[in-house]
Amino acid sequence: MCPAGQQSGPKDVGDDQSATAAFAALLEDSAEELYDSAPCGYLSTLMDGTIAKINATLLDWLGLDRAAVVGRMRFTDLLSVGGKLYHETHFAPLLRMQGHISGIALDIKGADNSRLPVLVSSVVKRGSTGEPQLIRTTVFDARDRRAYEEELLRRHKAAEALRKQAEADRARLQDALAVLQQSLLPDTLPQIPGMETAAHYHTASPDQLGGDFYDVFPIDGRRFAFFLGDVCGKGPQAAAVTSLTRYTLRAAAMHDPNPTSALTTLNKVLYERYTGSTDPRYCTAIYGTLEPDPVTGRVAVHLASGGHPPAVVLRGDGTADYLRTPGGLLVGILPKAHFTAADIVLNPGDTLLLYTDGLTEARTGEDRTSLYGEDALLAFATDHADNPPPALIQALTGLLHSLGDGVDDDTALLALGTPRRHA
């Protein structure tokens, strides 16, 4: 718009027309120039593959002269050895059947024998009667794409190598943890005259050391000691406490096998070792002695508990009940602790079952929100009251497996029984 009182003159109109004409001239590319200088390669071949036309872009990529290519070379002459094989077995047959093919990755060979990765698309031009006349092909430079794919493949291989290395490292760690875990348990249980014994250790995770423990060993010529417990926590620290606990109880039994005295000694050792520590350690435990009577077949059991779940007594008459030891404190948490003692006699066919809370605190139900609990364990024990210790432990092992991932803590099982006497 011109200011008021001013009119645009002929000179202004002429300038606008000149600018428009100059801009239009920039856009007036001929079809041949567009073809020859396109950012991709173009070529046309006869049906036998002889190159009839090729643009300057593709010639520049190849480093060849037009005179050396047109009418003298076939399309396959531009391809690498692998590209020629693929062209003959896949590319050409598909093109004949479909009349077109697109996005095929090939390598073309330059005059200096260098390779250029490209994406090739071809279409068959047909005459008015439908007969094929020539093949028009478009070639796109795929060097950036090939570099991206190679980098992606390299990273994938590197990630795969790291994954395999991590799996191998984890397997080695699991093997080492399994060996260490086994070193914290007895290799075998001793033969006790007039008794049957069995044990099982269920590992919740092969990637962690558990803190559950058990043992059975002779005190003298007629008495045997046993214990089972659970150290607070997991990992190397828990394993250290487990080792200390086992050796302390074994040593205490040699000095004074009285169950309460043995747990008192353990309490003192743990408290003094970990008092003032930023990582206090304690455990629950049942410790007891067995005194078999070879004449009657009975076994006198004296035990004491330090905060541990109650043992189960399975009777030969098919009944089962808990041997309650209320009031026993956790071992190692206070300088002086009270431990609850209990005495019982196992008659022929009876079994004493000890376990850690990985069993009773196993999560059940579809939502894994309910605990297996003491009632379910007592019902299970009642159903298997007539089983000798090996069969009972086998049944409990099957129970743990049936609970699956609901058992998220290690579980130790120990069964001590007297065989039935047949008339």
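The values are calculated or read from the model by the stated rules, or taken from the named source; none is laboratory data. This is a predicted model, so every value here is computed, not measured. Cβ atoms come from the backbone with ideal geometry, glycine included; neighbour counts cover every protein chain shown. Only protein heavy atoms, including side chains, enter the accessible area calculation; ligands, DNA and RNA are left aside. Shrake-Rupley method; radii C 1.70, N 1.55, O 1.52, S 1.80 Å.
Annotations for the structure displayed:
- Value of Rg to Rh for the range 210-280 (Rh from inverse mean 1/r over Cα pairs, i.e. Kirkwood): 1.00
- The angle separating the long axis of helix 373-383 from the principal Cα axis of greatest extent in the chain is about 70 degrees.
- Total charge dipole magnitude, the range 295-365, about the Cα centre, Cβ charges on Lys, Arg, Asp, Glu only, Debye to nearest 20: 140 debye
- Partners for Lys268 among aspartates and glutamates (Cα-Cα distance below 16 Å; same-chain residues under 8 apart left out): Asp256
- Here the Gaussian network model covers the chain, with springs between Cα atoms less than 10 Å apart; of Ala385, Ala38, Ala176, Ala38 fluctuates the most.
- Seen from a random direction on average, the alpha-carbon convex hull of the chain projects onto 48.1 square nanometres.
- Of all the options Leu249, Leu79, Leu346, the one that moves most in a Gaussian network model of the chain with Cα springs shorter than 10 angstrom is Leu79.
- Taking a ≥ b ≥ c as the square roots of the eigenvalues of the alpha-carbon gyration tensor, the range 153-218 is classed prolate because a/c is 1.5 or more and a/b outweighs b/c.
- Comparing mean-square fluctuations of Val299, Val179, Val81 from a GNM of the chain with C-alpha springs under 10 Å, the top value falls on Val81.
- Protection proxy ranking for 268-277, 303-312, using the average of other Cβ atoms within 10 Å per residue and placing the highest first: 303-312, 268-277.
- Counting protein heavy atoms only, the range 196-316 has 52 percent of its accessible area on carbon and sulfur, 1.4 angstrom probe.
- Links that overshoot a 24 Å alpha carbon limit, given the list Lys84/Lys125; Lys53/Lys84; Lys53/Lys125; Lys164/Lys234: Lys164/Lys234
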